1. Quick check: anything in the range 63-70 under 30 Å from LEU175 (Cα atoms), modelled with pLDDT of 90 or more and either assigned by TED's automatic domain parsing to the domain that holds ALA176 or assigned to a helix (DSSP H, G or I) (or both)?
2. Taking PHE191 as meeting all but one of (1) farther than 22 Å from ASP132 by Cβ; (2) modelled with pLDDT of 95 or more; (3) of a type in the set (A, V, I, L, M, F, W, C), write down the number of the exception.
3. Quick check on my filter: what residues within the range 194-220 are over 18 Å from PRO133 (Cβ atoms) and of a type in the set (A, V, I, L, M)?
4. Does LEU91 count as out of contact with any Ser or Thr (no Cβ under 7 Å at 6 or more places or on another chain), of a type in the set (A, V, I, L, M, F, W, C) and in contact (Cβ under 8 Å) with a residue 60 or more places away in the chain?
5. Quick check on my filter: what residues within the range 1-59 are surrounded by 14 or more Cβ atoms within 10 Å (Cβ to Cβ) and among the aromatic types (Phe, Trp, Tyr)?
6. So is ASP39 outside the structural domain of HIS233 (by TED's automatic domain parsing), of a type in the set (D, E, K, R), out of contact with any Gly (no Cβ under 9 Å at 6 or more places or on another chain) and not in a helix (DSSP H, G or I) or not?
7. Residues that are within 30 Å of ILE271 (Cα to Cα), at least 2 per element: which helices (runs of 4 or more DSSP H) completely within the range 78-172 meet that?
8. If we keep just the residues of the range 20-40 that are of a type in the set (S, T, N, Q) and in contact with a helix residue (DSSP H, G or I) (Cβ under 6 Å, 6 or more places away or on another chain), which is nearest to TYR75 (Cα to Cα)?
Amino acid sequence: MTDLLRNPLLQYLARLAPSSQLTMRYILQDAADRLGFADCDIAEVPWHRLEPGHVIALVAALRADGYAPNTSSLYVNAVRGVMNEAWRQGLIEHEQLLMIREVKPAAGSRLPPGRNLRRSLIRELMDVCAADPRPQGVRDAAILALLYGTGMRKSESVDVNLDQVDFQERSVQVLAKGNRQLVKYAPAWAFDKLQAWLDLRRQHLPAGERDDSFLFNRIRRGSHITRARITKHAIYYIARQRGAQVGAKIMPHDFRRAFITRVIEEHDLSIAQKLAHHANIQTTAGYDRRDDNERRRAVERFDY
């Protein structure tokens, strides 16, 4: 506890969600390596001794290695976060903090990652799951339907408990980024897939045993439904595996992108923002994955 109270890096990490802690720990370790502390544990790096020149050199090294501007920004923000904690602990003067804050990450932008999953592709994914005679087929269909039907993140789907699901309202309560408790809604067909999975799971329960409190189970080889909650890595694997079966490279977050894109197409950006629970509408706009053909057709309709 003493180390946590006195160490600006540990204080910074403690403020983050567990999933963000892993990402920022990796980033800060790489930053420390680039700053000449390759042989040090990041908790032992004297972060409070960093000068603006160190951060400028870090940005230059990332640019030289071809890192995207967004990644450079992530590194700079991580260092700033640690330095903010150093200032709170009285390890650096406010002037030093301000000078470090003035160092800007690499400018520019890149085309957004990910893809839009069209409705025809979603139907193909449901078909390959339906063709799988194992319990995995029913479970995977429910997982993918929930990801696409609600736009939730894979981490949110993993953490959902059974008592957070309302079949009458067709809603799911999730604990989202920033420790926010949210309610997400899904179409009837997605809840049909979810009900089919729960019915199958209950059929495999030993006599007299209660149902699991969580939503999705790990399934071992031999189609054995365990009493353990599925992991985020498994969600990633399911998306990649089912995508490969339909000839597409799919990441779990692509379902969220597709959900938001479809809402923008069929409604408008403000509705998509509300359903995605984004604080900034520009964040929602960044999820728009309507393809080049649609944009080209929009431009071609302009007359003079």
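1. no
2. (1)
3. Within the range 194-220, the subset over 18 Å from PRO133 (Cβ atoms) is 194-195, 198, 202, 205-216, 218.
Across the range 194-220, the qualifying residues are LEU194, LEU198, LEU205, ALA207, LEU215.
4. It is true that LEU91 is out of contact with any Ser or Thr (no Cβ under 7 Å at 6 or more places or on another chain), of a type in the set (A, V, I, L, M, F, W, C) and in contact (Cβ under 8 Å) with a residue 60 or more places away in the chain.
5. Matches in the range 1-59: TYR12, PHE37, TRP47.
6. So ASP39 fits the description; yes.
7. Hits in the range 78-172: 119-130, 135-150, 154-159.
8. Ranking the candidates gives GLN29 first.
The values are calculated or read from the model by the stated rules, or taken from the named source; none is laboratory data. Fair warning: this is a prediction, and the values are worked out from it, not measured in the lab. Reconstructed Cβ throughout: ideal geometry from the backbone, glycine too, with neighbour counts over all protein chains shown.
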